[in-house]
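What follows is a set of notes on a single structure, which appears directly below.
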Number of protein chains: 2
Amino acid sequence: MHRNPGKTPTLIALAQILGFLAPAAGPAVAQNPLEAVRRYRDANQGAIIAELRDLLSVPNVAGDLPNIRRNAELLASMLRKRGATARIIETGGEPLVYGEIGEPGRPTILFYCHYDGQPVEPANWDQENPWVPVLRTASIEAGGRIVQGWPGPADRVDPEWRVYARSASDDKAPIVALLSILDAWRAAGITLPNRLKFLFEGDEEAGSRHLAAAARQHRELLSADLAVMADGPIHPSGRPSAFFGLRGLVTVDLTVYGPIRPLHSGHYGNWAPNPAMRLAQLLASMKNADGEVLVDGWEDDVIPLGPAELRALERFPHDDEVQRLQFQLGSVDGKGRTRHELIARPSLNIRGLQSLFVGPGARTLIPSVAVASLDLRLVAGNTPQRQVEKLVRHIEAQGYTVVREDPDSAMRVNTPRLVKVEAGAGYPAGRTPLDHPAAVAVVRALEGAGLGEPVVVPTMGGSGPAYVFTDILGQPFVIVPIVNHDNNQHAENENLRVGNLFRGMEILAAVASAPLRPR
Amino acid sequence: MHRNPGKTPTLIALAQILGFLAPAAGPAVAQNPLEAVRRYRDANQGAIIAELRDLLSVPNVAGDLPNIRRNAELLASMLRKRGATARIIETGGEPLVYGEIGEPGRPTILFYCHYDGQPVEPANWDQENPWVPVLRTASIEAGGRIVQGWPGPADRVDPEWRVYARSASDDKAPIVALLSILDAWRAAGITLPNRLKFLFEGDEEAGSRHLAAAARQHRELLSADLAVMADGPIHPSGRPSAFFGLRGLVTVDLTVYGPIRPLHSGHYGNWAPNPAMRLAQLLASMKNADGEVLVDGWEDDVIPLGPAELRALERFPHDDEVQRLQFQLGSVDGKGRTRHELIARPSLNIRGLQSLFVGPGARTLIPSVAVASLDLRLVAGNTPQRQVEKLVRHIEAQGYTVVREDPDSAMRVNTPRLVKVEAGAGYPAGRTPLDHPAAVAVVRALEGAGLGEPVVVPTMGGSGPAYVFTDILGQPFVIVPIVNHDNNQHAENENLRVGNLFRGMEILAAVASAPLRPR
């Protein structure tokens, strides 16, 4: 392919291949889509990180509508910068950002990411503001030091460096990876192998309250031969991962009532029921000592995994013991089942407990109320309504009267055991069979990318609106994650390992150029 | 007793008796100690309330040593104002205030009160500052309005009015009642029937950490023929109450460990143990559905009540149903036993629960730790050490390894179930038999005061350092409470019903003038 094999150009090309020089990747250099991405990325590492930094600087908690809109407008402008069309889809709440690029008539891939993040408790972070990104030389746990200043646009960036900010991993890094791929292909003059659509959501962490309605309303606009969600952590080995399902989620808050006001524990203890004890007994009734859910019929409506899914789980490089040591767990739940077997089952998690005070501020009182916040993860076959109903029936079977709003005095006085159950709307799981042609094409594209044998998983443990794609839009669906597994997703000190963003560009480029059959 | 029965003086005396005029109660008017107290009180209601207000204006949480000392110095000056000797006894922590008045050689009564109060959460109060007392025309629940300004020294004060402030009832009102009795007797020229000693403690709510050592060190100074504690609420009927015991107390904090950091509940749920669920199961194992403690041997060392105590409990005017309705309880613990039967047993109370977040701030995480704060009330026969040891054995029997400090990584990784148990030092109960001569004398004095049939109770539900008097100083011991039962003791909006302070002066004057036999 060397048109003019003179001495100097050859040396330059060699130096470029070895990464010594920052190339302005041109059409002559690389027509292979993945190669083009690698070259562009290596020449623009600082610029890519800087774009991520700028995107992370916009606060993004769902409900904070002014800032959510700032994110949406920034994303639309980022799409247009790449020559994609872009529009903001109003939902009545957090807007969606839609973009597309490529020739009509080609097979179409719809990439979905979310730009909102979990709420933050800044005091728990090792940086002043979770929306003022901090660059470190490694993870905090590994002693990473803060890097003063940010790299220049063409500077190489150590792959071990980490960007600390809310949504650094979940889920803004994949957005930047996808848009940087467009830059790479444009710089290399590559014709897009598939038509690409982009859908960026601002309400995922709050339960994707508007996405389903928007999908129904914009069915034609969003039509595609494959939906790809770039979210969640990659396998710790770094091998490309493909998850063909995502669990559903519904949250439930329980409030158990005691005396109308806190009572002196000496004068009234042993006599006035303690709502914290009653809540503890109620929660304890929901799981056995192995962490198995005891709620009647909890798994009755689960659609079992098929032979292809079971084979994939067998081939899965289980790393449970590594993770147990990493998280310093002295034991694990589930009676010896692997973590991925357990993820294929619906869950019941206590995400918060609260009653009066603990520690130095604790006072010798019988609390007036005790509250537990739960999250229930759903798998294919479950519905949020049915799962909540099972839980309510379980609670009633423990002798409780269930109310949906705060009870009045008469209700309190006349009801031996009273609990308020507040359930969110939730959403179901979505899952695509592993033998679907699009699923097969994705796995082959990842196998051909030269990034290691793909890790193929029937469903991811996390939740997201997969059902919008599988059930409402009728699309085969896959999650292709790129970020580091130790990213502190949803918690304080969320971070992205820079190398994962760079490698993620190759992974997502492989998927974006997968040879699909149109519908 | 009228020395000069002329016309005008007789009319004035009549008017004074009927309360129309504010008398300068003189020796000619009343030699009866209780009558002198009534007259003085009726002429000085505003002044008495003002002195309480001033005492309540000094913040008084144990540990806040500068303010605790301000309280102590104010109390010493208040004693001296009455002609009592006063000194501050240093303890290394919160100081004691000691005072005495009356002729040596007479029978001696040691009055004990505490001047510290429970910690406050100002945001939960219906007033800006719990140490800026607020006068209301009734309780908040009864629609009491704030009274602007305070009454003048000789103004009458509506007995239904309430003083809202931390320690208004627990335990500064009794201090002001006692010192006002001294004023009354001095104004009436009455020779004190007994020698009176006063001991005011500044660390009671924090567990009386220095009192026992101080009692051992100042045994002679504190010697007395009867110890009287003026603390806790009077019977709701307003009948004088005498409690001849007080429970002990020990606090226990439990911390159950999960993953070293909060984990995504989707990726790790069903597999990584949830410390909030494990804590719930551990707590649930401690009590049955009727609220009975299931810890092995919990009541084994309890000294049973004797015939006199059982007779007193039979005569007790039980009001459990009234209280159940007042506190809006749909059921009560204890399998139908009365509240006072249950109070005579050791208790286990969850005073606080905490793990991550509940409500709108809740996030879909598996918590890293879950904490419960307990308080254990002890009765005669229990010791704090033994009761904690029983609880620890129970926890171990649930499969837990108990540590006393935060575990290191190796401990966490190698221990299937790990809990940190942090127990306070605590203190035991103290109780005087109802047939002790001093107990009999107190009951007779209350019977003779014309304030209704006394309510006699073997032990109060609350805790306090009774054992310091019964066990260390070897004194018969009684609690004579005066404050309203609905005082919100230990909670927000603590308050004193003014009429209880006024009536309490008569009750405490009857005890202070009880005919005791010296040791």
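The values are calculated or read from the model by the stated rules, or taken from the named source; none is laboratory data. This structure is a prediction, so every number in the text was calculated from the model and none was measured. Positions of Cβ are generated from backbone atoms using ideal geometry, with glycine treated the same way; all protein chains shown enter the neighbour counts.
Within region A:135-164, the set of residues being among the β-branched types (Val, Ile, Thr) and within 21 Å of the chain's Cα centre (by Cα) comprises just one member, A:VAL163. Pairs linking a residue in region B:403-421 that is facing another protein chain (nearest Cβ under 7 Å) and closer than 13 Å to A:LEU325 by Cβ to a residue that is of a type in the set (Lys, Arg) and surrounded by 11 or more Cβ atoms within 10 Å (Cβ to Cβ), with Cβ atoms under 8 Å and 6 or more positions apart or on different chains, are B:VAL413/A:ARG324. When A:ALA154, A:ALA138 are checked against the criterion of being touching a strand residue (DSSP E or B) at 6+ places or on another chain (Cβ under 8 Å), part of a loop (DSSP other than H, G, I, E, B) and in contact (Cβ under 8 Å) with a residue 12 or more places away in the chain, A:ALA138 stands alone in meeting it.
Filtered by the rule that a residue be in a loop (DSSP other than H, G, I, E, B) and over 16 Å from A:PRO259 (Cα atoms), region B:330-342 gives B:LYS335, B:GLY336, B:ARG337, B:THR338.
Every listed requirement among (1) surrounded by 24 or more Cβ atoms within 10 Å (Cβ to Cβ); (2) modelled with pLDDT of 95 or more is met by B:ASP225 save one, (1). Does A:LYS172 satisfy being touching an Asp or Glu at 6+ places or on another chain (Cβ under 7 Å), in the same structural domain as A:LEU74 (by TED's automatic domain parsing) and not in a loop (DSSP other than H, G, I, E, B)? Against the criterion (touching an Asp or Glu at 6+ places or on another chain (Cβ under 7 Å), in the same structural domain as A:LEU74 (by TED's automatic domain parsing) and not in a loop (DSSP other than H, G, I, E, B)), A:LYS172 does not qualify.
Screening A:SER347, A:SER331 for residues that are facing chain B (nearest Cβ under 7 Å), out of contact with any Cys (no Cβ under 8 Å at 6 or more places or on another chain) and either without any contact (Cβ under 8 Å) to a residue 24 or more places away in the chain or on the phi > 0 side of the Ramachandran plot (or both) leaves exactly one candidate, A:SER331.
Tallying residues that are of a type in the set (Gly, Ala, Ser) and crowded, with 24+ Cβ neighbours inside 10 Å within region A:146-172 yields 4. When B:HIS340 is tested against (1) surrounded by 18 or more Cβ atoms within 10 Å (Cβ to Cβ); (2) free of Cβ contacts under 8 Å to residues at least 60 places away in the same chain; (3) farther than 30 Å from A:GLY424 by Cβ, exactly one condition is not met: (2). Taking into account only those residues within region A:460-483 that are under 19 Å from the mean Cα position of the chain (by Cα) and of a type in the set (Gly, Ala, Ser), which is farthest from the other protein chains (Cβ to nearest Cβ)? Looking at residues that are under 19 Å from the mean Cα position of the chain (by Cα) and of a type in the set (Gly, Ala, Ser), I get A:ALA466. Every listed requirement among (1) touching a His at 6+ places or on another chain (Cβ under 9 Å); (2) at positive phi is met by B:ASP170 save one, (2). Residues in region B:402-411 include none that are β-branched (Val, Ile, Thr) and more than 30 Å from B:MET277 (Cβ to Cβ).
Listed conditions (1) hydrophobic (A, V, I, L, M, F, W, C); (2) out of contact with any Gly (no Cβ under 8 Å at 6 or more places or on another chain); (3) surrounded by 17 or more Cβ atoms within 10 Å (Cβ to Cβ); (4) more than 14 Å from B:VAL176 (Cβ to Cβ) are all met by B:ALA76, apart from (2). Checking every residue in region B:440-459 against the condition of being closer than 25 Å to B:GLU309 by Cα, touching a Leu at 6+ places or on another chain (Cβ under 7 Å) and within 14 Å of another protein chain (Cβ to nearest Cβ) gives at least one match. Looking across region B:276-315, just one residue is buried (at least 16 other Cβ atoms within 10 Å of the Cβ), out of contact with any Ser or Thr (no Cβ under 8 Å at 6 or more places or on another chain), away from chain A (no Cβ under 14 Å) and in a loop (DSSP other than H, G, I, E, B), and that is B:LEU305. Filtering region B:316-328 to residues that are more than 13 Å from chain A (Cβ to nearest Cβ) and touching a Lys or Arg at 6+ places or on another chain (Cβ under 9 Å) leaves only B:PRO317.
Contact annotation: residue pairs with Cβ atoms under 9 Å, 6 or more positions apart or on different chains, pairing a residue in region A:38-64 that is closer than 16 Å to A:ARG136 by Cα with a partner that is aromatic (Phe, Trp, Tyr) and part of a loop (DSSP other than H, G, I, E, B), are A:GLY46/A:TRP150; A:ILE49/A:TRP150; A:ILE49/A:TRP161; A:ALA50/A:TRP150; A:ARG53/A:TRP150; A:LEU56/A:TRP131.
Any chance region A:238-245 includes a residue that's within 11 Å of chain B (Cβ to nearest Cβ) and touching a residue at least 60 places away in the same chain (Cβ under 8 Å)? Within region A:238-245, one or more residues are within 11 Å of chain B (Cβ to nearest Cβ) and touching a residue at least 60 places away in the same chain (Cβ under 8 Å). State whether one or more residues within region B:366-380 are more than 8 Å from chain A (Cβ to nearest Cβ), of a type in the set (Val, Ile, Thr) and either farther than 30 Å from A:GLY117 by Cβ or within 19 Å of the chain's Cα centre (by Cα) (or both). Yes, that holds for at least one residue. Take A:ALA276 and decide whether it is more than 29 Å from the chain's Cα centre (by Cα) and closer than 29 Å to B:VAL293 by Cβ. In short, yes.
Residues that are buried (at least 24 other Cβ atoms within 10 Å of the Cβ) and more than 7 Å from chain B (Cβ to nearest Cβ) within region A:255-267 comprise A:VAL256, A:TYR257, A:GLY258, listed in sequence order.
Scanning region A:430-448 for residues that are buried (at least 23 other Cβ atoms within 10 Å of the Cβ) and over 23 Å from A:GLY381 (Cα atoms) yields A:VAL442, A:ALA445, A:LEU446. Restricting A:ALA62, A:ALA36, A:ALA30 to residues that are over 30 Å from A:GLU205 (Cα atoms), assigned by TED's automatic domain parsing to the domain that holds A:VAL157, buried (at least 18 other Cβ atoms within 10 Å of the Cβ) and modelled with pLDDT of 50 or more narrows the list to A:ALA36.
Here B:ALA213 passes the criteria (1) aliphatic (A, V, I, L, M); (2) crowded, with 20+ Cβ neighbours inside 10 Å; (3) modelled with pLDDT of 95 or more except the one numbered (2).
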